[in-house]
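The values are calculated or read from the model by the stated rules, or taken from the named source; none is laboratory data. All values derive from a computational prediction rather than experimental measurement. Cβ atoms come from the backbone with ideal geometry, glycine included; neighbour counts cover every protein chain shown. The accessibility values were calculated without ligands, DNA or RNA, using every heavy atom of the protein model including side chains. Shrake-Rupley method; radii C 1.70, N 1.55, O 1.52, S 1.80 Å.
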Amino acid sequence: MFRKAFLPVISLLFFFGFTQGQTHHYTVSGYVKEDATGEALIGATVVIKELNKGAAANQYGFYSVTVEEGTYTLSVSYLGFEEFHQTITLTTDLRVNVNMKTKTVQATEVVITGEKEDKNVKGTEMGTVRLTMEQIKSLPAFLGEVDILKTIQLLPGVKSAGDGNTGFYVRGGGPDQNLILLDEAVVYNASHLLGFFSVFNGDAVKDVNLIKGGMPAQYGGRLSSVLDISMKEGNDKSYHVEGGIGIISSRLTVQGPIKKDTSSFIISGRRTYIDVLAKPFISKTSKYYGSGYYFYDLNAKLNYKLSDKDRLFLSGYFGRDVFDYKNSYANFDVNIPWGNTNAVLRWNHLFNDKLFLNTSAIFSDYQFSFGASQSGFDFRLYSGIRDWNGKMDFCYYPNTRHEIKFGMNYIFHTFTPSNATAKQGDVVFDLGKIKKQYAHEMALYVTDDFDVTDKLRLNVGIRESYFIMVGPFERYHHDVTGKITDTTRYASGQTVADYGGPEPRASLRYSLTKRISVKASYTHNYQFIHLASLSSVAMPTDVWVPCSDVVKPQISDQFALGYFQNFHDNTYESSVEVYYKKMQHQVEYREGALPTDDTKDNADNNFVFGSGQSYGAEFFLKKRLGKLNGWIGYTLSWTTRNFPDLNNGQTFYAKYDRRHDISFVSTYDLNAKWSFSLVWVYGTGNAITLPVARYFIEGNVVSQYSSLNELRMPAYHRMDVSATWKLKKFKHFEHNLNFAIFNVYNRQNPYFIYFENQGSLQQGNLTIQAKQVSLFPILPSITWNFKW
């Protein structure tokens, strides 16, 4: 299957790559790095000035440009850095490593660093946004914690689930349809504190890239988006310490060389201390003594330059949330830990000046546990997913018109859907066997990003994916009453179900003028693992399950068309994108399902399946230069679902359908000491199902509900502001105070709605009133940040 799909495509791409004519061509290649730290400058622009041809540095800072024999000026640029120029004579292949120096910027020349000036109109990418941590840190932070996920929710096409949730929804897709990567490792649960904070410590992160349309072929396994986050590599020149002390948490990062210019490290830690601060104020005689909540995470990374052609990277993440509740009067204890563990070993190898390889061995793990005990009775509920992943990614640069990527990926999944154990003293209750599910997932891909003419550029690729669920596994069969009547048993390694197929991807850019282009894209995606949720928001209790003999892979087809224009020497960027997405084999729990239904049964026996579609338009205007910069985004969209077993088979709005979504983001640098930022967001209220009538039947209140998701919560809107005061610098020590106010005008945004009964039916004064629960009032915060 793989061979048939790939041989014609590979042959065609390499034919294009090798047809350069009979003249002599030579290659200049190397790495682009920041002079002060040794960090790779991802996406730096490398150009042969006389030919106006070049390339962009890849994820590791490597570039390769092949042109005809001659003498040229090699120019390298990266916003926020001084341009690099060097005269080169190409009579043979050359290696030129570039160390770029930070530009001294005047107050009137403030820029957003890390972006190519005209990338908005020149690249084939659609729905792609790259953010640096400098941009993210300049925005108001919730309780002083910089949050990557809350920042990307300010972009058009990306929707928030509301307060208390870092789950995000892209172009009508669910939270499980987003591929979240940290140094190539999948992060299955990206939130702390039940969604109030994300797991990403901004001090350890270098680069954030969001792809919500036109997903390249090297990415797969999800339908909606890719959030690719790169950690810092560590300063290989000198030692540095930075951190911050806030109201509820503190963080500390240490980085420096192990061997100067050869090897470096970075270690970054963060912890909340609400439990520590509250403990002295809780009396030991209090029935709640010992209760508390905290989260912590640790990022670490090492890298070593073995030679000019070989580099090693070892990175890891470990994070945990821990909630404890104790009631000594009732002899009741609850312990709920959950979190992610990731480890990545990568080897970069340069075969020659045109062929670059990255090989990765990746471990990803997410575990959730709920434990409760009372008067000798112990109950435990747990779930999780664990991956072992190996992948190889090649970059081939045959000439300035082509950039070819190809590679392979293999993942071994171990799923632990909801399992439970219970005992009373020495008596163990039968809640079924511990259930695990096993699966193999693999893929091959090839893609070429190439110039057909000076105006037309194409990115064409294909991904061939394959998924197989294997035993040991037991399939439980039910009768019409739900009683288990039979069991099919699969031996270890025996095939339970398998799926796969080609995933074509294509995007194009046609330049109308130097500052205007139109783009179009099409993507076909498979998703083989699914997140089953009984809640309207993403929670740590949600269960990951694989495709099986019952669950088919989710499939999507997305079409997008866009108009892109820059103004005033690239000071302003604008875009309008329209899209249509069709989704098959969507997964939901059946009506009335409960978490305990998964015990002594297969989790997917409680699922129902349907289809969905989403369409809309996204408008974006961004100011990049000057003392005042920021963006305005607006999304108009519709998202619907149709499940034969839900809502009487009638089409309904998805719970995260949002008609209007607006974001306004602005930062202003007043002078060398003070900078300010403001964020305002507005969104149509979430779809919801509520009672629309009440009846009194034989002395009981009976509710009649609306159609599924027929009603709306009140609209969500909020304004946040912040001010940063740069304090006096002492030699190499820099520090500042950040003052922030979350929800400036104290908007009571809805979290959920419940109904309260007042009076009694017997007395004839029974009233039922809807009540809204809101999470966050106006919340000020102050954080002291330092760097040495």
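Which Cα, out of Gly292, Tyr72, Ser533, lies furthest along the positive dipole direction of the chain (beta carbon charges, K/R +1, D/E -1)?
Tyr72
How big is the chain by the Kirkwood estimate over distinct Cα pairs, in Å?
Taking every pair of different Cα atoms in the chain, averaging 1/r and inverting gives 28.3 Å.
Mind putting a number on the dipole of segment 325-392 about its Cα centre? Charges go on the C-beta only, +1 for Lys and Arg and -1 for Asp and Glu, and I need it in Debye to the nearest 20.
Dipole of segment 325-392, to the nearest 20 debye: 180 debye.
Output the 0 to 90 degree angle, nearest 10, between the alpha-carbon long axis of helix 2-18 and the longest principal axis computed from the alpha carbons of the chain.
Helix 2-18 sits roughly 30 degrees off the main axis of the chain.
In the chain, if the dipole is taken from +1 on Lys/Arg beta carbons and -1 on Asp/Glu beta carbons about the Cα centre, which of Tyr445, Gly174, Gln586 is farthest to the positive end?
So the residue furthest toward the plus end is Gly174.
With a point put 7 Å past each Cα toward its Cβ, work out how far Ile245 is from Ile258 in nm, to one decimal.
Label at Ile245, label at Ile258, 3.2 nm between them.
Rounded to the nearest 10 Å², what accessible area does Phe609 show when all protein chains are kept and the probe is 1.4 Å?
60
Relative contact order of the chain, please, whole-number percent, based on alpha carbon pairs below 8 angstrom and at least 6 residues apart.
10
Which of the pairs Lys137/Lys232; Lys206/Lys309; Lys436/Lys600 have their Cα atoms more than 19 Å apart in this structure?
Result: Lys206/Lys309 exceed 19 Å.
Percent of accessible area on segment 324-395 owned by carbon and sulfur, 1.4 Å probe?
Carbon and sulfur together cover 64 percent of it.
Given segment 688-788, report the % of alpha carbon pairs whose separation exceeds 16 Å.
Result: 73 percent of Cα pairs exceed 16 Å.
Could you pull out every one of the lysines with an alpha carbon less than 23 Å from that of Lys514, ignoring same-chain neighbours closer than 8 positions?
Straight-line reach from Lys514, under 23 Å: Lys49, Lys53, Lys116, Lys119, Lys122, Lys455, Lys622, Lys623.
Over segment 430-581, what percent of the accessible surface lies on carbon and sulfur atoms, probe 1.4 Å?
59
Return one whole number: the accessible area per residue of the chain in Å², for a 1.4 Å probe.
Heavy-atom accessible area per residue stands at 43 Å².
Where nothing but the Cβ of Lys and Arg (+1) and of Asp and Glu (-1) is charged, how large is the charge dipole of segment 586-732 around its Cα centre, in debye to the nearest 20?
In total the dipole reaches around 1660 debye.
Please identify every one of the trypsin sites (Lys or Arg not before Pro) in segment 34-110 that sits in a loop by DSSP and has no more than 14 other beta carbons within 10 Å of its own beta carbon.
Lys49, Lys101
Whole Å is fine, so just give me how far the alpha carbon centre of segment 28-46 lies from that of segment 174-242.
Segment 28-46 and segment 174-242 have Cα centres spaced 21 Å from each other.
Using the Cα atoms of segment 389-540, I'd like the radius of gyration and the largest Cα-Cα distance, Dmax, both in angstrom.
Rg then Dmax for segment 389-540, in Å: 23.8, 78.
Ignoring everything but the protein chains, give the 1.4 Å probe accessible area of Leu90 in square angstrom, nearest 10.
0
Rounded to the nearest 0.05, what FRET efficiency is calculated for Glu710 and Asp426 with R0 set to 35 Å and r the Cβ-Cβ distance?
0.10
Over all Cα pairs of segment 157-206, how is the pair count split among 5 Å bins, expressed in % and running from 0 up to the last occupied bin?
Final binned percentages: 5, 19, 26, 28, 18, 5, 0.
For every helix of n ≥ 4 consecutive DSSP H residues, a contribution of -39,500 (n - 2.57) applies; sum these over the chain, divide by its total residues, and give [θ] at 222 nm rounded to the nearest 500 deg cm²/dmol.
Only helices count here, giving -1000 deg cm²/dmol.
Evaluate E = 1/(1 + (r/R0)^6) for Leu355 and Gln494, where r is the Cβ-Cβ distance and R0 equals 35 Å; express this FRET efficiency to the nearest 0.05.
The pair Leu355/Gln494 has a calculated efficiency of 0.30.
Only four residue types carry charge here, +1 at the Cβ of Lys and Arg and -1 at the Cβ of Asp and Glu. Report the dipole size of the chain about the Cα centre in Debye, rounded to the nearest 20.
1240
Points 7 angstrom from Cα along the Cβ direction at Asn648 and Val576: gap in nanometres?
The modelled label-to-label distance comes out at 4.0 nm.
Name the residue farthest towards the positive end of the dipole of the chain from the options Ser328, Met713, Ala44, assuming +1 on Cβ of Lys and Arg, -1 on Cβ of Asp and Glu, about the Cα centre.
Ala44
In what sequence, largest accessible area first, do Met469, Met442 appear using a 1.4 Å probe?
Met442, Met469
How large a share of the accessible area of segment 677-782, in percent, is made up of carbon and sulfur atoms when the probe is 1.4 Å and the other protein chains stay in place?
57
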